[in-house]
């Protein structure tokens with residue numbers, strides 16, 4: 001499956017994909033969006049945000065796979081792809097999705113190390129999100145061999 005780095009002209013199509021998935025999404029700043037198409041329709045997408053230029057961590061969010069294509073390894077494929085380009089990579093996920101991130105070489109950040117391992121912006125965001133999602137987990141990937149993508 002071909003993974004495409006979106007450009008500004010793709011954003012409307014990407015937003016439509018997320019709406020169809022009943023997934024609320026917004027672009028946060030310095031974003032890279034990757035997607036997979038089949039028959040000219042987006043079937044999976046993920047957004048990586050850097051929040052601001054001073055932020056040393058990349059934030060993975062909005063990982064979604066169309067229900068008709070789930071269980072085929074597409075989310076894992078996207079995760080492995082973005083880890084090549086964005087490090088360190090941080091994401092927050094519900095406890096039931098832990099296996100997905102752990103099998104993709106991400107490590108769970110234990111609660112007593114959150115403040116030390118997340119930058120201030122992402123730590124604050126995690127605390128805010130956790131108020132509504134009690135069992136939220138934080139994951140980090142810190143691979144060293146990173147390829148720098150062309151940004152949009």
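Observations on the model:
- Here the helices (runs of 4 or more DSSP H) wholly within the stretch 58-141 that include at least 3 residues being more than 26 Å from residue 14 (Cβ to Cβ) are 98-103, 114-117, 120-132.
- Residues in the stretch 12-54 that are under 19 Å from residue 86 (Cβ atoms) and out of contact with any helix residue (DSSP H, G or I) (no Cβ under 8 Å at 6 or more places or on another chain): 11 in all.
- Some residue of the stretch 57-69 being surrounded by fewer than 16 Cβ atoms within 10 Å (Cβ to Cβ), free of Cβ contacts under 8 Å to residues at least 40 places away in the same chain and touching a strand residue (DSSP E or B) at 6+ places or on another chain (Cβ under 9 Å): yes
- When we screen 99, 129, 113 for residues that are without any contact (Cβ under 8 Å) to a residue 24 or more places away in the chain, surrounded by fewer than 15 Cβ atoms within 10 Å (Cβ to Cβ), closer than 24 Å to residue 45 by Cα and more than 13 Å from the chain's Cα centre (by Cα), the only hit is 99.
- Residue 25 satisfies every condition listed in (1) surrounded by 17 or more Cβ atoms within 10 Å (Cβ to Cβ); (2) at pLDDT 90 or above; (3) part of a loop (DSSP other than H, G, I, E, B) except (2).
The values are calculated or read from the model by the stated rules, or taken from the named source; none is laboratory data. A quick note: this is a predicted structure, and the numbers were derived from the prediction, not measured. Reconstructed Cβ throughout: ideal geometry from the backbone, glycine too, with neighbour counts over all protein chains shown.
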